[in-house]
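Engineer: One structure, as C-alpha cells, below. Some questions next.
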Amino acid sequence: MLAWKSVSVSRMGQEIFSDISLEIGQGKIVSLVGPSGCGKTTLLMIAAGLIDADSGSLECDFRNPAMVFQEPRLLPWKRAGDNMAFGLAARGQRRADFQHRIGALAVTLGLDLRDLDKYPHELSGGMRQRVALGRALVIEPDLLLLDEPFSALDVGLRQELQDLMVRQISDRGLTAVFITHDLIEAARISDVIVVMDRHPRGIVYQHQMSGTPGCRAERDIFNEVGDLLAVPVVARAFGAQDTDRL
Ligand SMILES: Nc1ncnc2c1ncn2[C@@H]1O[C@H](COP(=O)(O)OP(=O)(O)OP(=O)(O)O)[C@@H](O)[C@H]1O
C-alpha cells in the first residue's frame, strides 16, 4: 500500500497543495492527471522519497521503487546495455551475472541485442525510452513511478509503449503511479484516474475505470472519457467547461 496522508507542500511561500490524502492499493495502476503546475510531480517525488512534505505523512509498504521520467536521462558516455544495467552495477552485482537478464529484457522491450552496444545519441527517442524503462524494470521494483514517460513520443509509438508497459506491470504484479496530461492515455492504462487541479488546489475527483488496463476497446475508452469530462470539476481541470465543444 502507498498512501499520502494529509500532505501539504509549499515552495517559496506559495502553496502547491494542502491536505492531500490518497491511497493506492497493491497491484493497481493509478494515473495522476491535471493541468500543468497542479503538483503531480511533487506528489510523485514525495512517494519516491526525493522530497519531504511540509506536513502530513507518507505510508509506503513498497521497498524497491523505480522511477521513469519524461526525458530518458541516460548517461551519454555509457552504452545502452550499461545504462540498463546501471542499477544492478550500483548494487554491486557482477556483469556476468546479469548480462543475460539485460539481453532478455531488452528484447521484451522491443530492442535489438545490437542496440545494447550503442550510445544514447545513436538511438531514437523511442529506443532511449525503452532503455529507460528497462533500467527501471531490471532492478525488479515493486513500485513503478512514471512521470509522463511517453509524452515526447509520437502517437503510434506512444501507444505501443503504453501497451508494453501495462503488460510488464501486469506480468510482474507491480503497482504503478503514472503522471500524464492525456486523459485518453490515463483511461487506456489505468485502474483509477485521479484528477488534480490548481483552483481549487489538490485532488478534485477520483474515477475507477471499468475493465482491465490494456484490454479495453477504444470505443469504451472514449465513452468513459466522455463521461468523465461531463463531470464539472473534471471539465474545469481540463479547461473544457463547455463540453459540447469536445
Ligand atoms: N523546487 C521548487 N521550487 C519552487 N517552486 C517549485 C519547486 N518545485 C515545484 N514548484 C512549483 O510547484 C508547482 C507544482 O509543480 P509540479 O512540477 O509538481 O506540477 P505538475 O503538475 O507536475 O506540472 P507539469 O504537468 O507541468 O509537470 C509549480 O507551480 C512549480 O513551479
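Engineer: Once you order the gyration tensor axes a ≥ b ≥ c over the Cα atoms, which shape class does the range 125-246 get: rounded for a/c under 1.5, otherwise prolate or oblate by comparing a/b with b/c?
Structural biologist: Prolate.
Engineer: For the chain, the longest stretch holding no trypsin sites (Lys or Arg not before Pro) located in a DSSP loop with at most 15 other Cβ atoms within 10 Å is which?
Structural biologist: 95-246
Engineer: Taking the Cβ of Pro65 as the centre, find all other residues whose Cβ is under 12 Å away and add up their charges (Lys, Arg: +1; Asp, Glu: -1).
Structural biologist: For residues surrounding Pro65, the net value is -2.
Engineer: For Gly81, what charge total do you get from the other residues with a beta carbon under 15 Å from its beta carbon, if Lys and Arg give +1 and Asp and Glu give -1?
Structural biologist: Spelling it out: positives minus negatives among the neighbours equals +4.
Engineer: For the range 94-135 and the range 1-57, what is the separation of their C-alpha centers, rounded to whole Å?
Structural biologist: Each part's Cα centre sits 31 Å from the other's.
Engineer: To continue, here is another question. Helix 155-172 versus the longest principal axis of the chain: what angle, 0 to 90°, nearest 10, using Cα atoms?
Structural biologist: Rounded to the nearest ten degrees, it is 80.
Engineer: For the range 76-140, taking Cα atoms only, what is the radius of gyration to one decimal and the Dmax to the nearest whole Å?
Structural biologist: Rg, Dmax (Cα atoms, Å): 10.5, 30.
Engineer: Would you work out if the range 31-164 is rounded, prolate or oblate? Take a ≥ b ≥ c from the square roots of the eigenvalues of the alpha-carbon gyration tensor; rounded if a/c is under 1.5, else prolate when a/b is larger than b/c, oblate otherwise.
Structural biologist: Oblate is the answer for the range 31-164, as a/c is 1.5 or above yet b/c matches or exceeds a/b.
Engineer: Separate question: Could you tell me how many degrees, from 0 to 90 and to the nearest 10, lie between the Cα long axis of helix 218-229 and the main elongation axis, the longest principal axis, of the Cα atoms of the chain?
Structural biologist: 40 degrees
Engineer: At 222 nm, what helix-only mean residue ellipticity would the chain give, in deg cm²/dmol to the nearest 500, using -39500 (n - 2.57) for each DSSP H run of four or more?
Structural biologist: Helices in the chain give a 222 nm mean residue ellipticity of -10500 deg cm²/dmol.
Engineer: Now for a different question. Quick check: net charge around Asp220, other residues with Cβ under 12 Å of its Cβ, Lys/Arg +1 and Asp/Glu -1?
Structural biologist: 0
Engineer: Taking the convex hull of the Cα atoms, report for the chain its projected area averaged over all directions, in nm².
Structural biologist: Approximately 13.9 nm², given one-decimal rounding.
Engineer: For the range 1-76, what class follows from the C-alpha gyration tensor (a ≥ b ≥ c being the square roots of its eigenvalues): rounded when a/c is under 1.5, otherwise prolate if a/b is larger than b/c, else oblate?
Structural biologist: Oblate, because a/c is 1.5 or more while a/b does not exceed b/c.
Engineer: May I ask what percent, to the nearest 5, of DSSP beta bridges between residues of the chain are antiparallel?
Structural biologist: 55 percent
Quick note: the coordinates plus some simple rules give every number you see, no bench work behind them. Given the structure is predicted, the values throughout are model-derived calculations rather than measurements. Cβ: placed from backbone, ideal geometry, glycine included. Neighbour counts: every protein chain shown.
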